[in-house]
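**Student:** I am attaching a structure below and will ask some questions about it afterwards.
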Amino acid sequence: METLLKIANIETLYYDRIYALHGLSLEVKAGEIFAVLGPNGAGKTTLLKTIAGLLKDQPKKGAIHFMGKRIHRLAPERVARLGIVYVPEDRGLFRELSVKENLDLGCWGRSDSGITDDVEFIYQLFPILKNRAYQQAETLSGGEQQMLAMARAMLRRPKLLMLDEPSLGLAPRVGREVYEALSKISQAGTTILLVEQNAKMALRIANFGYIMESGRIVLEGTAQELQENQDVQELYLGVGGDTVSPKGWRLYKKRRTW
């Protein structure tokens, strides 16, 4: 597979003194789903914002290349024009506008003949949006808002779709529906980079994954390799855990291998 996004040793700072990312490197191959997993404060959102150009003059060090072109420290609108679309954790909807108006904004600036087909595709993915076309976005449920944010992003025809915690705050059933839609989006040819705390759900659809802690990539591998890793099982998948010592009086945790 061709490398679509390549990040090499980037360092992102807040307020020019607090390191959020430390020498972070990763690659995203075209046509696949890549998951970045980690706890709160690991720097996952900062990573996506750095790629999208939303943090001014960042990264301070390192390089980001997309389709072979340098994009680090470019303005966000220039990054977006290259085909990188970012769906933030808060979904970024115009809440006072209707579902249809939000979707129309996703088509803003497009003059190609594929808009009708793209709208039909997203309505097949999320039939509820067609039924809610004239309902205000702020009155939708959390799951419906997430679907609308993803649908609007897809109308930009992204080469790389980046999502920040797409299952956050959703009921398990709705979260599964969102992830089923992501699988279909991937099958249609869109490359996906998502950050998640729900490792089980993310690794179920991902091809490759990265574990991120304290601004660094501490482990990487295929989804299957990460699912079989004992540290990942204990820390992120809820498998295993504290073990009784042979003497039967003390609990201990296995030391991580990263």
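Since every read-out is calculated from the coordinates, none of them should be taken as a lab result. Predicted, not measured: the structure shown is a model, and the values here were computed from it. Glycine also receives a Cβ, built like all others from the backbone with ideal geometry; neighbour counts cover every protein chain displayed.
**Student:** How much net charge surrounds Asn9 when only the other residues with a Cβ under 12 Å from the Cβ of Asn9 are counted, with Lys and Arg +1 and Asp and Glu -1? Mind dumping the intermediate values first?
**Tutor:** On the way: positive: Lys6, Lys60, Lys61, Arg216; negative: Glu11.
Spelling it out: positives minus negatives among the neighbours equals +3.
**Student:** Which of Leu140, Leu160, Leu21 moves most in a GNM of the chain, Cα contacts under 10 Å?
**Tutor:** Its mean-square fluctuation being the largest, the pick is Leu140.
**Student:** Also, quick follow-up: Would you please give the residues with an amide H less than 5 Å from that of Gly38, counting only those at least 5 places away or on a separate chain, with H modeled from the backbone geometry?
**Tutor:** Glu196, Met212
**Student:** Helix-derived [θ] at 222 nm for the chain: sum -39500 (n - 2.57) over DSSP H runs of at least 4, divide by residue count, nearest 500? Write out the running numbers ahead of the final one.
**Tutor:** Details: 10 runs with 87 residues, N = 258.
Calculated mean residue ellipticity at 222 nm is -9500 deg cm²/dmol.
**Student:** In vacuum, with every alpha carbon of the chain counted as one equal point scatterer, what does the Debye formula give for log10 I(q)/I(0) at q = 0.15 Å⁻¹? Two decimals, please.
**Tutor:** Evaluating at q = 0.15 Å⁻¹ gives log10 I(q)/I(0) of -1.10.
**Student:** R0 = 41 Å: FRET efficiency of Leu237 with Ser111, Cβ-based, nearest 0.05? If you can, show how the numbers build up before the last one.
**Tutor:** Working: r = 46 Å, r/R0 = 1.13.
According to the calculation, E is roughly 0.30.
**Student:** A further question follows. Tell me, how many Å apart are the Cα centres for the range 27-51 and for the range 92-126?
**Tutor:** 25
**Student:** In addition: Roughly how many nanometres apart are two label points built 7 Å out from the Cα toward the Cβ at Ser214 and Ser25?
**Tutor:** My value for the distance between the label points is 2.0 nm.
**Student:** Taking neighbour Cβ counts within 10 Å as the exposure measure, how do Thr3, Thr191 sort from fewest upward? It would help to have the intermediate numbers written out before the result.
**Tutor:** Numbers: Thr3 13, Thr191 24.
By the 10 Å Cβ count, ascending, the order reads Thr3, Thr191.
**Student:** Could you run the Karplus curve 6.51 cos²θ - 1.76 cosθ + 1.60 with θ = phi - 60° over the range 118-126 and give me ³J(HN,Hα) per residue in whole Hz, x for Gly and Pro?
**Tutor:** So the Karplus estimates, Gly and Pro as x, are 5, 5, 5, 4, 6, 6, 5, 5, 10 Hz.
**Student:** Around Lys29, which amide H atoms from residues at least 5 apart in sequence, or from another chain, sit under 5 Å from its own amide H, with H modelled in the peptide plane?
**Tutor:** Leu4
**Student:** Across 5 Å bins from 0, what is the distribution of all Cα-Cα pair distances for the range 56-96, in whole percents?
**Tutor:** Spelled out per bin, shortest first, that is 5, 19, 24, 22, 15, 9, 4, 2.
**Student:** Can you classify the range 17-150 as rounded, prolate or oblate using the Cα gyration tensor, where a ≥ b ≥ c are the square roots of its eigenvalues, rounded means a/c under 1.5, and otherwise it's prolate if a/b beats b/c and oblate if not? Can you show the working numbers first?
**Tutor:** On the way: a/c = 2.15, a/b = 1.69, b/c = 1.28.
Prolate, because a/c is 1.5 or more and a/b exceeds b/c.
**Student:** Next question, about the same structure. Which residue, Leu82, Leu182, Leu203, has the most motion in a Gaussian network model of the chain that connects Cα atoms within less than 10 Å?
**Tutor:** Leu82
**Student:** For each of Glu234, Glu228, count neighbouring Cβ atoms within 10 Å of the residue's Cβ, then give the residues from fewest to most. Kindly include the intermediate steps, with their values, before the conclusion.
**Tutor:** Values: Glu234 17, Glu228 11.
Fewest to most other Cβ atoms nearby, the residues stand as Glu228, Glu234.
**Student:** Next up: For Gln136 and Arg78, calculate 0.36 nm times their separation in residues minus their Cα-Cα distance, and state this gained length in nm to one decimal. Write out the running numbers ahead of the final one.
**Tutor:** On the way: separation 58, 0.36 × 58 = 20.88 nm, distance 2.99 nm.
The span from Gln136 to Arg78 would gain 17.9 nm if fully extended.
**Student:** Residue farthest toward the positive end of the dipole of the chain, with Cβ of Lys/Arg at +1 and Asp/Glu at -1: which of Leu140, Leu129, Thr45?
**Tutor:** Thr45
**Student:** Same structure again: Contact order normalised by length for the chain, with contacts defined as Cα pairs under 8 Å and 6 or more residues apart; what percent is it? Write out the running numbers ahead of the final one.
**Tutor:** Details: 460 pairs, mean separation 62.0, N = 258.
The normalised contact order for the chain reaches 24 percent.
**Student:** Can you compute 3J(HN,Hα) from phi for each residue in the range 41-52, using the Karplus curve 6.51 cos²θ - 1.76 cosθ + 1.60 with θ = phi - 60°, rounded to whole Hz and x for Gly and Pro?
**Tutor:** x, 6, x, 5, 5, 4, 4, 5, 5, 5, 4, 6
**Student:** So if I place +1 on the C-beta of Lys and Arg and -1 on the C-beta of Asp and Glu, and nothing else carries charge, what would the dipole magnitude of the chain be about its Cα centre? I want it in debye, nearest 20.
**Tutor:** Working: 35 positive and 30 negative charges, 130 e Å.
So the magnitude is around 620 debye.
**Student:** Let me ask something else about it. With a/c under 1.5 counting as rounded, go ahead and sort the range 1-83 into rounded, prolate or oblate using the C-alpha gyration tensor (a ≥ b ≥ c being the square roots of the eigenvalues; past the cut-off, prolate if a/b is larger than b/c, else oblate). Can you show the working numbers first?
**Tutor:** On the way: a/c = 1.77, a/b = 1.25, b/c = 1.42.
The shape class here is oblate.
**Student:** To the nearest 20 debye, what is the magnitude of the charge dipole of the range 70-165 about its Cα centre, counting +1 on the Cβ of each Lys and Arg and -1 on the Cβ of each Asp and Glu? Spell out each step's value before the answer.
**Tutor:** Values: 14 positive and 14 negative charges, 90 e Å.
Charge dipole of the range 70-165: 440 debye, to the nearest 20.
**Student:** Running a GNM on the chain with Cα contacts under 10 Å, which residue among Gln58, Gln145, Gln124 ends up with the highest mean-square fluctuation?
**Tutor:** Among Gln58, Gln145, Gln124, the largest mean-square fluctuation in the Gaussian network model of the chain belongs to Gln124.
**Student:** Something else: List every residue whose amide H lies under 5 Å from the amide H of His72, counting only residues 5 or more places away in sequence or on a different chain, with H placed 1.01 Å from N in the peptide plane.
**Tutor:** Those lying under 5 Å, H to H, from His72 are Ile64.
**Student:** Once phi is turned into ³J(HN,Hα) by the Karplus curve 6.51 cos²θ - 1.76 cosθ + 1.60 with θ = phi - 60°, what whole-Hz value does each residue of the range 61-74 show in order, with x for glycine and proline?
**Tutor:** Values, residue by residue: 9, x, 9, 10, 10, 10, 6, x, 9, 5, 10, 5, 6, 7 Hz.
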